[in-house]
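Novice: The structure under discussion is supplied below as structure tokens; questions concerning it will follow.
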Amino acid sequence: MSHTVDTIIIGAGASGLFCAFNVASFGKSVLVLDHANKAGKKILMSGGGRCNFINRQVEPRHFISQNPHFVKSALSKYGSDDFIALVNQHHIAYHEREHGQLFCDDSAKDILDMLLKQCQDFGVGIHLHTVIDSIRATDDNGFVLSTTHKKDGTTTTYQCQHLVIATGGLSIPTLGSSGFGYQVAMQFGHTIVPTEAALVPFTFTDATGDLIKSQAGLSLDVIASNDKISFTLPLLFTHRGLSGPAMLQLSNYWHLGESITINLAPQTDIAELLLSAKKSHPKQLVRTALAGILPKKLLTALENHLWQAHKDTELANLKDDTLRQIATTLNAWTLKPSGTEGYRVAEVTRGGVDTHDVSGKTMGSRLQPNLYFIGEVLDVTGWLGGYNFAWAWASGYACAESI
Ligand code: FDA
């Protein structure tokens with residue numbers, strides 16, 4: 001069997017589906033191929049099942065890439081208001097949460113259904129269960145793809161003039177992720193910025209790990225930072241390590257071997273508090289002076305871990321410097337994660353196709369005519385908060401407009 005269309009998009013995820021109906025809306029014939037048994041699996045899982053489909057405020061600073069200017073053009077062409085207008089047009093009910101995050105009221109399925117309806121209305125074909133065996137560029141700068149159907153083994157040849165790679169990153173392999181997009185990029189001479197799990201919880205193996213696990217379930221508002229950035233957000237202690245928005249955001253900026261710092265009591269200057277308690281209540285213990293500042297169970301664990309030698313010493317008998325050191329461990333608790341929970345749970349993949357060889361205006365390869373990369377397969381990683389979908393929509397639109 002063989003099919004000839006103007007544009008083939010590999011990957012029926014967020015960016016692929018969005019790009020597909022936009023290309024078709026400009027009058028081109030479009031086919032989307034995916035090896036999975038279902039389109040848009042990650043969309044269904046996103047935002048805890050409610051899909052944080054965009055953020056009210058999307059700016060280049062919300063994205064990480066070795067080429068920070070790359071996102072500017074696409075984001076300026078297709079922004080939050082455009083996507084919100086589409087969501088409104090489809091009468092999808094949504095609400096705003098903190099920091100401008102927009103979520104569906106009912107289900108992430110509303111967003112997937114919207115994309116599929118748009119594809120259907122513009123005549124986009126979607127072929128699932130399709131394994132791409134090979135891709136070859138033709139003399140007229142088109143492409144020939146050889147595929148095998150996963151279920152019945154039939155082989156099909158597809159020909160197209162434009163080929164869009166929208167295969168996403170490596171996170172959550174059970175949702176269809178593969179390194180295929182990187183292989184295609186390398187086949188055509190692109191380089192790959194090393195990939196790592198991002199928007200992912202941290203793990204700890206030492207005594208700190210035991211302390212953290214003992215607090216599983218506890219959530220606190222903290223300032224989490226490293227030498228690159230700071231986030232004031234909730235932190236969650238889990239049986240595996242540290243999670244919650246503060247940690248996920250920081251993981252985007254973290255590399256193995258680096259330390260992170262957590263201010264466990266951002267509202268309180270603990271050194272000031274302890275030094276003044278020493279004067280006003282000299283017989284108090286550190287834990288008594290700090291009661292109410294941190295949850296009791298956490299305070300006890302920290303005391304045993306960080307200032308055990310002084311835990312039963314009255315403030316009057318502790319040197320000011322010792323109190324300052326204790327304060328630092330709480331206002332700037334410095335930890336060295338042993339790693340992250342990895343691609344199994346990561347929301348995104350940092351790194352990917354190097355954007356220096358891709359046009360920021362069209363998403364087209366600078367090395368192979370009519371080849372495009374969109375979405376997470378590129379070295380563009382968004383913050384938590386609807387930014388990764390924002391990139392899927394914006395890059396998909398920029399690509400569609402240029403085909
Ligand atoms: P995406 O991963 O969506 O799609 C890639 C497609 O390519 C898949 O359908 C896959 O099957 C297909 N594919 C892969 N390899 C292939 C191959 N070899 N052959 C054929 N097809 C292949 N972001 C956000 O902004 N708000 C949110 O609420 C969330 N929530 C969230 C929760 C969870 C659990 C995860 C894992 C991720 C999120 N994200 C998110 C991130 C967001 O889902 C992600 O960035 C986008 O889906 C990326 O869109 P893409 O189209 O690039 O890839």
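The values are calculated or read from the model by the stated rules, or taken from the named source; none is laboratory data. Note that this is a predicted model, so its numbers are computed, not measured. Cβ atoms come from the backbone with ideal geometry, glycine included; neighbour counts cover every protein chain shown. Heads up: the accessible areas ignore ligands, DNA and RNA and are worked out on the full protein's heavy atoms, side chains in. Shrake-Rupley method; radii C 1.70, N 1.55, O 1.52, S 1.80 Å.
Novice: Could you look through region 298-315, keep only residues that are open to solvent by 50 Å² or more (accessible area, probe 1.4 Å) and either modelled with pLDDT of 95 or more or not in a loop (DSSP other than H, G, I, E, B) (or both), and pick out the one that is nearest to residue 279 (Cα to Cα)?
Specialist: It comes out as 314.
Novice: Mind telling me which of the residues 147, 130, 154 ends up being more than 27 Å from residue 252 (Cα to Cα) and away from the ligand (no atom under 13 Å from the Cβ)? So that I can check it myself, show each step before the final result.
Specialist: On the way: 147 fails: away from the ligand (no atom under 13 Å from the Cβ); 130 fails: away from the ligand (no atom under 13 Å from the Cβ).
Checking each option against the conditions leaves just 154.
Novice: Which condition breaks for residue 182 when tested against (1) touching a Gly at 6+ places or on another chain (Cβ under 9 Å); (2) open to solvent by 40 Å² or more (accessible area, probe 1.4 Å)?
Specialist: Tallying (1) touching a Gly at 6+ places or on another chain (Cβ under 9 Å); (2) open to solvent by 40 Å² or more (accessible area, probe 1.4 Å), residue 182 fails exactly one: (2).
Novice: Can I ask one more? If we scan region 320-333, do we find a residue that is more than 16 Å from the ligand (Cβ to nearest atom), open to solvent by 60 Å² or more (accessible area, probe 1.4 Å) and not in a helix (DSSP H, G or I)?
Specialist: Residues of region 320-333 that are more than 16 Å from the ligand (Cβ to nearest atom), as a first pass: 320-333.
Imposing the further condition that a residue be open to solvent by 60 Å² or more (accessible area, probe 1.4 Å) reduces the set to 320-321, 324-325, 328.
Narrowing the set further to residues that are not in a helix (DSSP H, G or I) leaves none.
The answer is no; no qualifying residue exists.
Novice: Next up: For region 159-184, which positions are more than 12 Å from the ligand (Cβ to nearest atom) and under 15 Å from residue 127 (Cβ atoms)?
Specialist: Of the residues in region 159-184, the ones more than 12 Å from the ligand (Cβ to nearest atom) are 159-163.
Hits for region 159-184 are 159, 160, 163.
Novice: List every residue pair whose Cβ atoms lie under 8 Å apart, where the two residues are 6 or more positions apart in sequence or sit on different chains, the first residue falls within region 1-27 and is closer than 12 Å to residue 127 by Cα, and the second residue, located anywhere, is of a type in the set (Ser, Thr, Tyr) and within 9 Å of the ligand (Cβ to nearest atom).
Specialist: 10/167; 11/167
Novice: Identify all residues within region 201-211 that are open to solvent by less than 20 Å² (accessible area, probe 1.4 Å) and either more than 14 Å from residue 334 (Cβ to Cβ) or free of Cβ contacts under 8 Å to residues at least 12 places away in the same chain (or both); write none if there are none.
Specialist: Listed by number, the residues that qualify are 201, 209.
Novice: Same structure again: Can you pull out every residue in region 225-252 that is open to solvent by less than 30 Å² (accessible area, probe 1.4 Å) and of a type in the set (A, V, I, L, M, F, W, C)?
Specialist: Of everything in region 225-252, those that are open to solvent by less than 30 Å² (accessible area, probe 1.4 Å) and of a type in the set (A, V, I, L, M, F, W, C) turn out to be 231, 233, 235, 237, 242, 246, 247, 248, 250.
Novice: Among the helices (runs of 4 or more DSSP H) lying completely within region 1-92, list those that include at least 1 residues that are within 13 Å of the ligand (Cβ to nearest atom) and surrounded by fewer than 20 Cβ atoms within 10 Å (Cβ to Cβ).
Specialist: Numbers: elements: 14-25, 41-45, 72-77, 80-89.
It comes to 41-45.
Novice: Assess whether residue 273 counts as being closer than 28 Å to residue 322 by Cβ, open to solvent by less than 20 Å² (accessible area, probe 1.4 Å) and among the aliphatic types (A, V, I, L, M). Talk me through it step by step, then tell me what you get.
Specialist: Details: closer than 28 Å to residue 322 by Cβ: yes; open to solvent by less than 20 Å² (accessible area, probe 1.4 Å): no; among the aliphatic types (A, V, I, L, M): yes.
Judged against the criteria, residue 273 is not a match.
Novice: Next question, about the same structure. Please state which one of 148, 130, 155 is of a type in the set (Ser, Thr, Tyr), over 18 Å from residue 6 (Cα atoms) and open to solvent by 60 Å² or more (accessible area, probe 1.4 Å). Walk me through it before giving the result.
Specialist: Working: 148 fails: open to solvent by 60 Å² or more (accessible area, probe 1.4 Å); 130 fails: open to solvent by 60 Å² or more (accessible area, probe 1.4 Å).
Only one candidate passes the filter, namely 155.
Novice: Would you confirm whether or not region 94-102 contains a residue that is within 29 Å of residue 344 (Cβ to Cβ), polar (S, T, N, Q) and assigned to a helix (DSSP H, G or I)?
Specialist: No, region 94-102 has no match at all.
Novice: Output the number of residues of region 359-402 satisfying the condition of being crowded, with 23+ Cβ neighbours inside 10 Å, among the β-branched types (Val, Ile, Thr) and away from the ligand (no atom under 14 Å from the Cβ).
Specialist: Here the count works out to 0.
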